[in-house]
Protein chains: 2
Amino acid sequence: MPINPNAARPRIVVIGCGFGGLEATRALKSAAVDITLVERTNHHLFQPLLYQVATAGLSAPAIAAPARHLFRKQANVTTLLGDVTAIDTQARLVKLEEGPPVPYDHLIVAAGATHSYFGRDDWAPFAPGLKTLDDAFEIRRRILLAFEAAEKEPDPALRAAWLTFVVVGGGPTGVEMAGTLAEIAHHTLAGEFRRIDPSAARILLLEGGPRVLQAMPEDLSARAKEQLEKLGVEVRLGARVVAIDGRTVEVQGVDGPHAAQTIHTRCVVWAAGVAASALGRQLAQATGATTDRAGRVVVEPDLGLPGHAEISVIGDLAAARSFAPGLEPRPVPGVSPAAKQMGRAAAANILRRIAGQPTRPFRYRDYGNLATIGRNAAVVDLASPLGHFKFSGYFAWLFWLFAHIYFLIGFRNRLVVLIDWASAYWSKQRYARVISDIAQRPRM
Amino acid sequence: MPINPNAARPRIVVIGCGFGGLEATRALKSAAVDITLVERTNHHLFQPLLYQVATAGLSAPAIAAPARHLFRKQANVTTLLGDVTAIDTQARLVKLEEGPPVPYDHLIVAAGATHSYFGRDDWAPFAPGLKTLDDAFEIRRRILLAFEAAEKEPDPALRAAWLTFVVVGGGPTGVEMAGTLAEIAHHTLAGEFRRIDPSAARILLLEGGPRVLQAMPEDLSARAKEQLEKLGVEVRLGARVVAIDGRTVEVQGVDGPHAAQTIHTRCVVWAAGVAASALGRQLAQATGATTDRAGRVVVEPDLGLPGHAEISVIGDLAAARSFAPGLEPRPVPGVSPAAKQMGRAAAANILRRIAGQPTRPFRYRDYGNLATIGRNAAVVDLASPLGHFKFSGYFAWLFWLFAHIYFLIGFRNRLVVLIDWASAYWSKQRYARVISDIAQRPRM
């Protein structure tokens, strides 16, 4: 007999309310189970648009919806705000920083990833990454205050340093940040300053590899680079960052493998590395599972842990493979559609286990890849049964825009985001230029 | 010859970009002067709607517009982000925390007010006031986290304490906060929790005086109290707060002058006292002007300082009187229309002084007073040449709504605020329920 007499229904705990946790919880809507959704923040964040908050284009509430609200009508869900400190895989308990531990029969771990400085955590204060709303506020604050500081700075060299923005990492976030920064400098702030010319700002995108957007086909990477340069971004490929100290960024490899370059800048955005949540390593240690170099937990074909089928790991925390009939297993990319699909698959496999049926291996369906670059500029690589369909430029940007608005959670958000964007597009303005914590001065 | 050869045009410095500073700067649009607008935050805040940010109804950018942006087309304005530390009235310099001092020929001080704890600053950590966006975020965080904590709390007495909200002060802000809190508890959060019933929350409004909204006619105060009670707010008049310690609020006077009452609560909002910016006292000391009990600077009929006609003090920082022909001078209330009118009057008097003309005494034109209470509830007291026109309830609420949207700065804001409100009204939802700084737990 179960310990809890009310727990005749299987108890499912979902950790995390990102795309994976949200979809898993939704997929269990009609199941006779009791779900506890444990979330560290009180909101689901639409992360693909987080760079818009960091660049003052959208307000935080436009891309964040309370998980509690999203599940208000799903009666089998209890939402709990709390920080998971450990998982007791023997007693089957999720331990929280505050309050009693939460027992589970089935556990879905979707704790996601954070940014990684590749062992150089001392760079963190000088180069914030972009994963949470707080990160976005901090970056927004730094960008806006850099222009304010430049306006007040009499020394031309220092003024130039305030007006130099460095984005490290040429993945989707880095490309979006650099493109939008160029838009801010050239359009948004035009005419607002009296002593500086914001369009004189330099925006540098540093990428260690040979091309930007490496998940894209090579020709689209080339198109993206062209579009960035057209927007005024200096793209440096093969550029390895070797030092960041709040005054300068030291780069190697741009002009030959041993040539070093010093960039004077007061605003650096880190968009280079991703590391899985620390919960992954803890879980691996407890269960004997392995983790990959990025700290992701290597899962079985059905997304369960070896020897612990009652625990599934999904989303950015999982090193998963896709199993398609007749094809070799392929690694699943760390993108939101994959997280959503894993959420649905893990939920379905739990229901199969409850019903005494065998679980099924996860299959990732790739519908393609798209990335925006800036005003009127994006690249799209659509995967269809007829092959890949690639395009870039204005039409790709429209496609990206409507795809993102379509996938936003909740009707109200979609409408407001559409209006915000339409008004921003025509006016070339960005309305969310609030610096709330002004007393905290930008670091030197 | 002037020190600065470019300064043949009179140099006007405006301190503060609230309603007063903004209107003064605008009024000088076509004047042959050089204006420096010194602001401590980077935005003009539409303070009448700040309670909506504190109660998750609006996002911060919806009610805050960068001053720099508002004046981008007014070529005679230079906007400077900076904290004024002192005014050297002899050398005519405004000293900033950072950077060189700003010289002036004419100075308009519109530094506003902050909340006052009547000498009990030790209450501040337990009872935040509502003057800035940061204040609003803090109050929003506390309100939302109180419901989250209640959901996790097994002890019924503690749960009841988490679900008890106390608003201190029955002025417009206190009434709005209490009414909106009732709306959140009864409508917004309905059905979202599994262990608590949010509508069981108690909302108490404590007012030391004999009625709420004391600036209103007595019958409208009574109507406001009725409407608050209909929304579920417990209104306690004659209630003097004698202690706040983060666990309890000690009140005297509700059941007789000496009866004490202890309210167990974890969320207190301070809407009781207003104190003028510290710059007022500094200015008074330097010029020999006097300040009133609230720290406001007593100004001359033309808003200038005695013996320092080149300095005008306006808005909430000024203890000003209104001079209407044939009437006794009357004190000017601390409301935004008065601040705006003072801004225009101070600007006009500066232009008269530059032209060698005599200045004019300030005359406050009172168009009435309006306050919202909550869903469909408001009181309006319109002043017209035919006398006062008073109404309350649904029509008053609509009037309040459109008046506020009309006066919002900037077209985009108005439209988005209207949509937000329309959607919030029909859905009974509040979309800005973001807790960003979640790690910072509510105080016990």
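In table form, for the structure just shown:
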read-out: Equivalent ellipsoid dimensions for the range A:17-157 as semi-axes, Å, which come from the Cα gyration tensor, largest first; value: 37, 19, 11
read-out: Those lysines that a straight Cα-Cα span of less than 22 Å connects to A:Lys340, excepting residues fewer than 8 apart in one chain; value: A:Lys29, A:Lys73, A:Lys131
read-out: Mean Cα-pair separation over length for chain A, i.e. relative contact order, pairs under 8 Å, 6 or more apart, %; value: 18
read-out: Interchain or long-range residues, amide H under 5 Å from A:Val14's placed H; value: A:Thr36, A:Leu37, A:Val38, A:Ile108
read-out: Angle between chain B longest axis and helix B:172-183 axis [Cα atoms, degrees, rounded to 10]; value: 30
read-out: Estimated FRET transfer efficiency when R0 is 25 angstrom, pair A:Asp134-A:Glu98 (beta carbons, to 0.05); value: 0.80
read-out: Helix A:394-407 axis, angle to chain A major axis (alpha carbon atoms, nearest 10°); value: 40
read-out: Accessible-area ranking of A:Asp197, B:Asp135, B:Asp366, largest first, probe 1.4 Å; value: A:Asp197, B:Asp366, B:Asp135
read-out: Unit charges on C-beta of K, R, D, E only; dipole of the range A:84-165, Debye; value: 180
read-out: Prolate/oblate/rounded label for the range A:218-323 (Cα gyration tensor, a/c 1.5); value: prolate
read-out: Cβ-placed point charges (K, R +1; D, E -1), dipole of the range B:261-340 about Cα centre in debye, nearest 20; value: 360
read-out: Where the Cα pairs of the range B:255-408 fall when distances are cut into 5 Å bins, in %; value: 2, 8, 13, 14, 15, 13, 13, 10, 7, 3, 1, 1, 0
read-out: Acute angle (nearest 10 degrees) that the helix B:278-287 long axis makes with the longest principal axis of chain B, alpha-carbon atoms; value: 30
read-out: Residue of B:Ile35, B:Ile263, B:Ile203 that the Gaussian network model of chain B assigns the largest fluctuation, springs spanning Cα pairs under 10 Å; value: B:Ile263
read-out: Where rotation carries A onto B, the chain A residue whose Cβ is nearest that axis, in whole Å; value: A:Ser59, 2
read-out: Projected label distance in nm at A:Phe118 and A:Asp155, using a 7 Å step from Cα toward the beta-carbon; value: 3.1
read-out: Those aspartates and glutamates that a straight Cα-Cα span of less than 15 Å connects to A:Lys428, excepting residues fewer than 8 apart in one chain; value: A:Glu183, A:Glu192, A:Asp420
read-out: Selected from B:Ile314, B:Ile354, B:Ile63 as most flexible by GNM, with chain B as the system and alpha-carbon contacts under 10 Å; value: B:Ile354
read-out: HN-Hα J in Hz across the range A:142-148 - Karplus 6.51, -1.76, 1.60, θ = phi - 60°, x for Gly and Pro; value: 5, 5, 5, 6, 5, 5, 4
read-out: Under-5 Å amide H pairs with B:Gly129, H placed in peptide plane, nonlocal only; value: B:Trp270
read-out: Inter-label distance for B:His388 and A:Phe399, nm, one decimal - labels placed 7 Å from Cα along Cα-to-Cβ; value: 6.5
read-out: Cα lying deepest toward the dipole's positive end in chain B, options B:Leu386, B:Ala111, B:Thr290, charges on Cβ; value: B:Leu386
read-out: Dimensions in Å of chain A - Rg and Dmax from alpha carbons; value: 22.8, 76
read-out: Chain lengthening between B:Ala75 and B:Ala355 when straightened (0.36 nm per residue, less Cα-Cα); value: 98.7 nm
read-out: The protein assembly as shown: radius of gyration and largest Cα-Cα distance (Dmax), Å; value: 29.4, 96
read-out: For the range B:106-113, 3J(HN,Hα) per residue [Karplus equation, 6.51 cos²θ - 1.76 cosθ + 1.60, θ = phi - 60°, Hz, x = Gly/Pro]; value: 10, 10, 10, 9, 10, 7, x, 9
read-out: Length-normalised contact order of the range B:191-286 in % [C-alpha pairs under 8 Å, at least 6 apart]; value: 19
read-out: Simple Cβ-charge dipole of chain A, Lys/Arg +1 and Asp/Glu -1, about Cα centre, in debye nearest 20; value: 920
read-out: Whether the range A:193-246 is rounded, prolate or oblate, judged on the alpha carbon gyration tensor where a/c under 1.5 counts as rounded; value: oblate
read-out: Straight-distance crosslink candidates among aspartates and glutamates, where the alpha carbon sits under 15 Å from A:Lys225 and sequence neighbours closer than 8 are dropped; value: A:Glu176, A:Glu207, A:Glu234
read-out: The range B:50-73 and the range A:91-125: distance between their alpha carbon centers, rounded to Å; value: 35
read-out: Rounded Å value of the spacing that divides the Cα centres of the range A:199-248 and the range B:361-413; value: 53
read-out: Rough spin-label spacing in nm, given labels placed 7 Å along Cα→Cβ, for A:Ala278 and B:Tyr367; value: 5.6
read-out: GNM result for chain A, Cα springs below 10 Å: residue of A:Leu130, A:Leu28, A:Leu317 fluctuating most strongly; value: A:Leu28
read-out: Residues whose placed amide H lies under 5 Å from that of B:Thr248, excluding near-sequence neighbours; value: B:Thr265
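The values are calculated or read from the model by the stated rules, or taken from the named source; none is laboratory data. Every value quoted in this text rests on a predicted model; they were computed, and no experiment measured them. Because the Cβ atoms are built from the backbone with ideal geometry, glycine has one as well, and the counts that use them run over all protein chains shown. To get the accessible areas, we keep the full protein, side chains included, count just its heavy atoms, and leave off ligands, DNA and RNA. Shrake-Rupley method; radii C 1.70, N 1.55, O 1.52, S 1.80 Å.
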